[in-house]
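Peer 1: Input: one structure, supplied below.
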Amino acid sequence: MSRGLHLIAGGWEQGTGVPFTSFSPHTGEPSEREYREADTEQMRRATRAAASRMSLRGFATPTERSRVLSAIADALDSEAETVVATADRETGLGPERLSGELARTTGQIRAFAEFLQRGEHADRIEDSIFEGVSLVRVNIPLGPVAVFEASNFPLAFATMGGDTVSALAAGCPVVVKAHPSHPETSETVAQIASEVLRVTNLNGVMSVLHGPSPELGESLVMSSEIAAVGFTGSLRGGRALMDAAARRPTPIPVYAEMGSVNPLIVTEAAAAARAEDIAVGFTGSLLLAGGQFCTKPGLLVVPDSAAGDRLVARVSEEVAAAGDHVLLNERIKNQFVSACENIRQTGTPLAESRASVGGYRVGGLLVEIEPPVDDLEEIFGPAGLVVRYSTLDDLLALISSLSGALAAAVHAVDDDPDGPAIVSAVSERVGRVVWNGYTTGVGVSPAMMHGGPYPASSDGRHTSVGLRAMSRFQRPVAFQGVPNSLMPDAN
Ligand code: NAP
């Protein structure tokens with residue numbers, strides 16, 4: 001389905017910039033489909049088209065937006081085979097995982113469509129503190145949103161992923177910067193979505209630009225028409241875009257969901273009761289999709305005791321036995337290899353597995369480190385760290401020194417004496433606390449929180465997953481004494 005084209009203001013065009021292709025993670029072979037980076041003029045046309053669709057109520061009424069979103073979800077489901085096959089070719093994540101990811105993506109789109117239909121998004125507040133004068137507070141859309149895709153979720157955090165859908169639901173047109181690791185997947189999804197937009201006369205509401213250089217993304221963020229940014233990716237990329245947005249004459253919000261070191265903390269009582277189970281569960285979560293989950297439990301925090309030793313020994317066996325892992329692209333592989341070399345120097349390797357030859361394959365690694373742990377950075381890939389604590393006070397000090405994270409898991413027993421203090425300490429460092437479970441696997445639901453204190457995300461007050469993600473792209477306005485006929489309809 002892909003043709004090496006950008007979607008710009010409702011039309012399909014070739015780029016004029018640097019050529020690039022995606023590569024098979026299994027073989028490292030380039031795809032035959034060549035793309036050329038979008039140029040500045042193309043990007044400007046995309047942002048201008050997006051801005052031209054804006055009005056006080058957004059690019060369409062909530063009911064129209066709801067219908068369009070439902071139709072896009074149906075269209076994506078009806079092309080599931082093509083979408084999944086394309087994504088598998090470019091990411092190597094496998095048809096099973098990608099079919100699940102597509103179902104999650106279309107489920108999320110429909111959830112927003114239903115939310116709009118029920119009118120719950122409006123958050124309309126009316127009162128009359130001034131006698132005889134109405135005061136109505138309504139959310140209005142911010143304006144065109146620049147969306148940056150992540151490589152490890154080519155569907156759920158990509159062209160029609162959470163950022164795009166929450167922006168469209170809010171009434172904001174989007175300009176998507178596709179990830180250069182999976183351009184054909186992005187183009188395929190864009191074709192399906194844009195056909196729905198075309199028949200509903202909404203051309204220009206979504207553009208999708210391709211390119212491998214940071215300059216394209218930065219100049220998109222600097223474009224005067226862009227009113228907000230939704231980013232999912234590395235701390236390096238998110239921080240660069242936050243800084244670019246802050247340099248604008250009119251700064252704009254950047255909602256960046258980035259990587260973090262998510263701790264899994266085991267109490268002495270839990271280690272004594274079920275060391276083996278926790279070890280197997282932890283390793284499964286650590287190595288899921290080659291350790292390429294933003295919610296990967298990258299740090300195992302265990303008691304310095306015989307039970308803690310049993311747990312760590314079993315994790316070591318599991319990591320060594322797991323074989324090799326295929327990473328998404330060459331850059332991620334190179335960064336992983338160099339991060340592993342660094343951590344080997346500072347810690348004590350406990351276990352590793354060998355990588356076979358070909359593609360972006362790497363072995364798994366487990367390293368024990370000593371406190372302090374305040375400067376740990378995410379190692380994206382199949383590597384985990386272990387740190388031990390002696391007393392509850394040591395553990396609490398260790399938790400409070402951790403950088404902000406998306407999530408933490410706490411493994412304890414019923415009425416665990418250490419439970420209350422640990423839950424209280426981790427709540428200050430993360431956006432989601434998981435009790436006797438694992439942090440990978442983020443359900444799309446109203447109560448979900450997917451964000452956390454910096455550097456996990458740029459603004460820990462917001463989530464990028466679930467219906468509340470929409471509020472990032474809205475702004476409340478109070479209308480005082482304004483006649484009903486002049487009010488925006490519920491947005
Ligand atoms: P990435 O390399 O940061 O790429 C994300 C996007 O940002 C790409 O479009 C990339 O384009 C662009 N970008 C990166 N650096 C840039 C810069 N300096 N200026 C302008 N644009 C820039 O991340 P990734 O490799 O896709 O994903 C892996 C990371 O994402 C991991 O750290 C993972 O934990 C995190 N992640 C977080 C979440 C979450 O919800 N918190 C979810 C999924 C993934 P170019 O490649 O063209 O530069």
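The values are calculated or read from the model by the stated rules, or taken from the named source; none is laboratory data. Remember, it's a predicted structure, so these values are computed and weren't measured experimentally. No Cβ is skipped: glycine too gets one built from the backbone with ideal geometry, and neighbour counts run over all protein chains shown. The protein model used for the area step is the full one, side chains on, heavy atoms only, and it has no ligands, DNA or RNA in it. Shrake-Rupley method; radii C 1.70, N 1.55, O 1.52, S 1.80 Å.
Peer 1: Let me spell it out: the conditions are (1) in a helix (DSSP H, G or I); (2) farther than 28 Å from SER224 by Cβ, and HIS26 meets all of them except one. Which number is the exception?
Peer 2: Status for HIS26: all satisfied but (1).
Peer 1: Shifting gears a bit: Among the candidates ASP459, ASP415, which residue alone is within 16 Å of the ligand (Cβ to nearest atom), surrounded by fewer than 18 Cβ atoms within 10 Å (Cβ to Cβ) and in a loop (DSSP other than H, G, I, E, B)?
Peer 2: ASP459
Peer 1: From the list ASP374, ASP393, pick out the single residue that is over 14 Å from the mean Cα position of the chain (by Cα) and either in contact (Cβ under 8 Å) with a residue 12 or more places away in the chain or assigned to a loop (DSSP other than H, G, I, E, B) (or both).
Peer 2: Matching residue, one of ASP374, ASP393: ASP374.
For every residue, the table says whether it meets (1) part of a helix (DSSP H, G or I); (2) in contact (Cβ under 8 Å) with a residue 40 or more places away in the chain; (3) under 27 Å from LEU235 (Cβ atoms).
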site: ALA279; (1), (2), (3): yes, no, no
site: GLY284; (1), (2), (3): yes, yes, yes
site: ALA289; (1), (2), (3): yes, yes, yes
site: ASP309; (1), (2), (3): yes, no, no
site: ASN342; (1), (2), (3): yes, no, yes
site: ARG354; (1), (2), (3): no, no, no
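Peer 1: Just to check your reading of the model, which residue among GLU317, GLU352 is open to solvent by 30 Å² or more (accessible area, probe 1.4 Å), at pLDDT 95 or above and closer than 24 Å to ALA273 by Cβ?
Peer 2: When all the criteria are applied, what remains is GLU317.
Peer 1: Does ALA409 satisfy being buried (at least 18 other Cβ atoms within 10 Å of the Cβ) and in a strand (DSSP E or B)? I'd like the intermediate steps shown before the answer.
Peer 2: Details: buried (at least 18 other Cβ atoms within 10 Å of the Cβ): yes; in a strand (DSSP E or B): yes.
Here the answer is yes, as ALA409 does meet what is asked.
Peer 1: Every residue in region 259-272 that is open to solvent by 40 Å² or more (accessible area, probe 1.4 Å) and either under 18 Å from the mean Cα position of the chain (by Cα) or among the aliphatic types (A, V, I, L, M) (or both), please.
Peer 2: ALA272
Peer 1: Report whether or not VAL362 is farther than 30 Å from HIS26 by Cβ and open to solvent by less than 10 Å² (accessible area, probe 1.4 Å).
Peer 2: no
Peer 1: Within region 101-117, can one find any residue that is part of a helix (DSSP H, G or I), within 16 Å of the ligand (Cβ to nearest atom) and open to solvent by 20 Å² or more (accessible area, probe 1.4 Å)?
Peer 2: Yes, region 101-117 contains at least one residue that is part of a helix (DSSP H, G or I), within 16 Å of the ligand (Cβ to nearest atom) and open to solvent by 20 Å² or more (accessible area, probe 1.4 Å).
Peer 1: If you don't mind, there's one more thing I want to ask. Residues to consider are ALA73, ALA46, ALA38, ALA60; find the one that is open to solvent by less than 30 Å² (accessible area, probe 1.4 Å), in contact (Cβ under 8 Å) with a residue 60 or more places away in the chain and assigned to a helix (DSSP H, G or I).
Peer 2: Only one candidate qualifies: ALA46.
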